[in-house]
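Working notes, structure below.
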Amino acid sequence: MTITVQTLSQWPFFSGLDDDALREIVPYVHERTFSLGQMIVSEGDPCQAVYFVAQGVVRIRRLSLEGREHVMAYLGPGESFNLVPALDGGSNPATVNALTDTRLYSIHCQYFRRIMRDHPEVALAVLERLAAKVRHLSDMVEDLALHSVRTRLARFLLAHAEGTLSPKHWTQQEIAAHIGTVREMVGRTLRAFADEGLVRRERGRIVVVDREGLEREATGA
């Protein structure tokens, strides 16, 4: 797909620029495609580019020294990643994988910094995005530090279930990585929720039975 001024104008970072400015930027933008499960960037590697998701879903995750995985975010069309290392010159802070067949647009770090210097509107949009990211990470730290696995799992179930959760999309390992624990704790807590009548397992799915009870668990009450 050819990257045009019209395409670029639809991205949040560049929507405030006129056509002349967009024409200057277009040559620095490259399209890349990734297959399901393919690694896009690896934690600790030198930063190569800022990426914008055009199609598909990517997962951002970090690994502890013990090999435990924690999912930081899932990003879809219109969202971006790798802003921080592009700005500070450091390494990639996380590993990013394609969860579906994915199409990305990329701008090399050097050129992205130049674009920010030349176009204050882009720099302001980047600052707003980074501020939102700091807020999200602060909430995540608070959740991990102040709330039990029971509370975090209850919140996850309420946030992602409209009656049922399909294991095709959310395995216990994936849930554990999302809420900051291990698979065994998720399994143990799900069994406790089932014993207490909050959920039940039905044909490989988790069915929310007592929503009010699960909401009480989600408040930590």
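The values are calculated or read from the model by the stated rules, or taken from the named source; none is laboratory data. Note that the structure is predicted; figures quoted are calculated from it, not measured. We place every Cβ from the backbone using ideal geometry, glycine too, and count neighbours over all the protein chains shown. Calculation scope for accessible area: heavy atoms of the full protein, side chains included, ligands and nucleic acids excluded. Shrake-Rupley method; radii C 1.70, N 1.55, O 1.52, S 1.80 Å.
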| task | Describe numerically, in nm with one decimal, the distance between label points set 7 Å from Cα along Cα→Cβ at Ser91 and at Leu158. | result | 3.9 nm
| request: Quick one: which residues, 5+ away or cross-chain, put their amide H under 5 Å from the amide H of Ala73? H built at 1.01 Å from N. | output: Ile60
| query | Counting only protein heavy atoms, what percent of the accessible surface of the chain is carbon or sulfur at a 1.4 Å probe? | reply | 51 percent
| query | When volume of the Cα convex hull per residue in Å³ is calculated directly from the model, which label among (i) 112; (ii) 137; (iii) 146 fits? | reply | (ii)
| task | Quick one: among Ser148, Ser42, Ser106, which has the greatest mean-square fluctuation in a GNM of the chain with alpha-carbon springs under 10 angstrom? | result | Ser148
| said: Amide H of Thr100 versus every other amide H placed in the peptide plane: which residues, excluding those fewer than 5 positions away on the same chain, fall under 5 Å? | reply: Gly37, Val57
| note | Cβ-Cβ cut-off under 15 Å around Glu128, Lys and Arg +1, Asp and Glu -1: the net charge is +1
| message | Quick one: 3J(HN,Hα) in Hz for region 33-46, Karplus 6.51/-1.76/1.60 with θ = phi - 60°, rounded, Gly and Pro as x. | response | 10, 9, 8, 3, x, 6, 7, 9, 9, 10, 4, x, 6, x
| field | Point-to-point label distance, Ile3-Leu99, nm (Cα→Cβ direction, 7 Å offset) | value | 2.5 nm
| How large is the dipole of the chain about the Cα centre if only Lys and Arg carry +1 and Asp and Glu carry -1, each at its Cβ, rounded to the nearest 20 debye? | 660 debye
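Around Trp11, with a cut-off of 15 angstrom between Cβ atoms, what is the net charge of the other residues, counting Lys and Arg +1 and Asp and Glu -1?
-4
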| message | Quick check for you: with a 1.4 Å probe and neighbouring chains kept, what is the accessible area per residue of the chain, in Å²? | response | 55 Å²
| GNM, the chain, Cα, under 10 Å: largest mean-square fluctuation among Arg61, Arg117, Arg183? | Arg117
| Once the Cα atoms of helix 183-195 and of the chain are each reduced to a long axis, what angle between those two axes, in degrees from 0 to 90 to the nearest 10, is obtained? | 50 degrees
| Within the chain, helix-based [θ] at 222 nm, where runs of 4 or more DSSP H residues each add -39,500 (n - 2.57), nearest 500 | -13000 deg cm²/dmol
| note | For the Arg191, Arg211 Cβ pair and Förster radius 22 Å, calculated FRET efficiency rounded to 0.05 is 0.70
| Angle, helix 149-160 long axis vs. longest principal axis of the chain, Cα atoms, 0 to 90°, nearest 10? | 60 degrees
